[in-house]
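*Asks:* Please find one structure pasted underneath; my questions will follow.
The values are calculated or read from the model by the stated rules, or taken from the named source; none is laboratory data. Every value quoted in this text rests on a predicted model; they were computed, and no experiment measured them. Here the Cβ positions follow ideal geometry from the backbone for every residue, glycine too, while neighbour counts run over all protein chains shown.
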Amino acid sequence: MAQRPHLYWTPCAAHCVYLMLEDIGKLPMVKSALKKCMFMNGYIYSHIPLVNMMRKFTHERNLHRPAVTRFATSFITLAQFHKQKANLRKMVTSHEWSASKWSKELGGKKIASFLLQENFWKNVVHALKLASPLVKVLRMVDGEKKPPMGYIYEAMDRAKEAISKAFSMKVEHYQKAFEFIDKRWDVQLHRPLHAAGFYLNPEIHYDKPDQVANEEVVKCMYDCIARIVPDVETQDKILNELDSFRNATGLFSHNMAIRQRKTKSPGNHSIKY
């Protein structure tokens, strides 16, 4: 980067979100829920007859869902357990379970005990409130439908907002998780480039003008222009084009440009218009 000071280096967004999930997974309530869930999942899926019994009670639904990272898989599996809570409890209180060898084995006894513990399910809900919004961000940045650069800035804001709402704005329940998120975001992921991508995303720019007009966002936009394009005459030309983009004039006012604001990736939209 010393040889190319006009360029930006930015870490992998998916890896940074993964690290946020890993940090949250260390919180006591979350760690407890994940540990018990992963034990049950591993035990069930290591015994085919038990898998068949489980699928009978869950109406052929599986508990394990593959995902892009280990921690994402853990939280998605946790969500599946929560969805099947009633059915799993029916299973371990059924005659079929009582008559099976699993009800006599230590592993099976642990499963029944965990599934009938109210505190376990309380921890599951707590963990999902913290992690589910971040899993959504991870899916978005790791997907191939749209490049994440124009979306990650808003996606992280939405994730934090979803977490706080899930806990009815009671900060004490998510303060530590926010410290983890903010640390990873500020140190590794928060770059002017992401704010500029947010500003230049037509899907967001025209629907949420107050957000893109935020002083921090606009400053980051200007900082990016100054760094990437040192020539002042070119900078002025870019600013003129930005006026057209912001006010939806010129080609940006064309019906096709308006229609494709939400269907084309931000980069393709800008190249065309």
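*Asks:* Taking the condition of being modelled with pLDDT of 95 or more and outside any loop (DSSP other than H, G, I, E, B), how many residues in segment 50-74 meet it?
*Replies:* 8
*Asks:* Output the residues belonging to segment 227-265 that are among the basic types (Lys, Arg) and modelled with pLDDT of 80 or more.
*Replies:* Once the filter is applied, which keeps residues that are among the basic types (Lys, Arg) and modelled with pLDDT of 80 or more, segment 227-265 yields ARG227, LYS237, ARG246.
*Asks:* Now, a different point. Scan segment 202-219 and give yes if some residue there is buried (at least 21 other Cβ atoms within 10 Å of the Cβ), in contact (Cβ under 8 Å) with a residue 12 or more places away in the chain, of a type outside the set (A, V, I, L, M, F, W, C) and touching a Pro at 6+ places or on another chain (Cβ under 7 Å), otherwise no.
*Replies:* yes
*Asks:* Follow-up. What number of residues within segment 161-185 satisfy the criterion of being among the small types (Gly, Ala, Ser) and closer than 14 Å to LEU21 by Cβ?
*Replies:* Residues flagged as among the small types (Gly, Ala, Ser) and closer than 14 Å to LEU21 by Cβ within segment 161-185 amount to 1.
*Asks:* Next question, about the same structure. Among the residues of segment 81-114, write down those that are under 14 Å from ILE44 (Cβ atoms) and of a type in the set (Val, Ile, Thr).
*Replies:* Those that are under 14 Å from ILE44 (Cβ atoms) and of a type in the set (Val, Ile, Thr): VAL92, ILE111.
*Asks:* Take residues that are among the polar types (S, T, N, Q) and modelled with pLDDT under 90 and tell me which of the helices (runs of 4 or more DSSP H) falling wholly in segment 117-213 contain 2 or more.
*Replies:* Filter on segment 117-213 gives an empty set.
*Asks:* Here's a follow-up. Being out of contact with any helix residue (DSSP H, G or I) (no Cβ under 7 Å at 6 or more places or on another chain), hydroxyl-bearing (Ser, Thr, Tyr) and surrounded by 13 or more Cβ atoms within 10 Å (Cβ to Cβ) narrows it down to one of TYR174, TYR222, TYR199, so name that one. Lay out the reasoning, then the answer.
*Replies:* On the way: TYR174 fails: out of contact with any helix residue (DSSP H, G or I) (no Cβ under 7 Å at 6 or more places or on another chain); TYR199 fails: out of contact with any helix residue (DSSP H, G or I) (no Cβ under 7 Å at 6 or more places or on another chain).
Testing whether each residue is out of contact with any helix residue (DSSP H, G or I) (no Cβ under 7 Å at 6 or more places or on another chain), hydroxyl-bearing (Ser, Thr, Tyr) and surrounded by 13 or more Cβ atoms within 10 Å (Cβ to Cβ) leaves just TYR222.
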